[in-house]
Amino acid sequence: MQTARTIRTRADLEDYVAAFNGKNYERQISYYHPEVEYKVGTLTLTGPRAIADFYADFHRHSDENVLVHDFISDGDQIAVTLPSWFGPFLDYRKNGLEFTAGEERNIVSFGIYTLKDGQIHRIRVARYNGPISDFPSARPDRLTSSESAT
């Protein structure tokens with residue numbers, strides 16, 4: 001088991017996201033409070049292991065790369081803009097998500113992280129329905145794991 005990690009700075013959050021992007025789920029969940037709750041759309045996950053298991057399953061169907069774009073911190077609240085690239089290699093239709101193999105896409109999400117004792121206690125995510133080009137400095141070329149962005 002990983003040592004508990006805390007988030008106090010943008011660099012800390014970027015390390016958390018790097019663990020996520022690297023599919024290092026044990027490091028990722030070391031940032032979570034034991035009572036973490038994650039909500040996105042109709043999906044609610046409770047506990048670090050539930051979140052890790054969800055993403056381990058999802059990443060068996062799709063590559064994913066997330067960037068920390070905008071970062072605002074106010075005490076125990078962090079707000080971020082998270083441009084993300086998805087490269088599904090198998091169809092995925094679960095948990096209110098639909099990805100078709102071979103159909104890459106870029107999505108921008110807004111995340112609110114609530115911390116407790118410096119660890120992520122609550123995660124709330126909402127998707128932005130506009131184009132990624134509305135965030136020109138998000139550098140979509142950094143989103144893919146391949147040579148070109150979509």
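The values are calculated or read from the model by the stated rules, or taken from the named source; none is laboratory data. Here the structure is a predicted model, which means the values were calculated and not measured. Cβ sites come from the backbone with ideal geometry, for glycine too, and all protein chains shown count toward neighbours.
Return the residues of segment 1-20 that are in a loop (DSSP other than H, G, I, E, B) and among the aliphatic types (A, V, I, L, M); say none if nothing qualifies. Full working, then the answer.
The first filter runs over segment 1-20 and keeps only residues in a loop (DSSP other than H, G, I, E, B), leaving 1-9.
M1, A4, I7, listed by residue number.
May I ask you to say which residue of T46, T100 is free of Cβ contacts under 8 Å to residues at least 12 places away in the same chain and over 14 Å from the mean Cα position of the chain (by Cα)?
T46
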Subject >> Within segment 57-103, considering residues that are closer than 28 Å to A11 by Cα and acidic (D, E), the one surrounded by the fewest Cβ atoms within 10 Å (Cβ to Cβ) >> reply: D74
Original post:
Within segment 38-60, can you find the residues that are assigned to a helix (DSSP H, G or I) and not β-branched (V, I, T)?
Top reply: P48, R49, A50, A52, D53, F54, Y55, A56, D57, F58
**OP:** Considering only segment 1-15, state which residues are β-branched (V, I, T) and surrounded by 12 or more Cβ atoms within 10 Å (Cβ to Cβ).
**Re:** T6, I7, T9
Subject >> Tabulated pairs, segment 21-37, first in a loop (DSSP other than H, G, I, E, B), second surrounded by 14 or more Cβ atoms within 10 Å (Cβ to Cβ) and basic (K, R), C-beta under 6 angstrom, 6+ apart or interchain >> reply: S30/R5; Y31/R5
Original post:
Of (1) surrounded by fewer than 17 Cβ atoms within 10 Å (Cβ to Cβ); (2) under 20 Å from Y25 (Cα atoms); (3) at pLDDT 95 or above, L43 satisfies all except one. Which?
Top reply: (3)
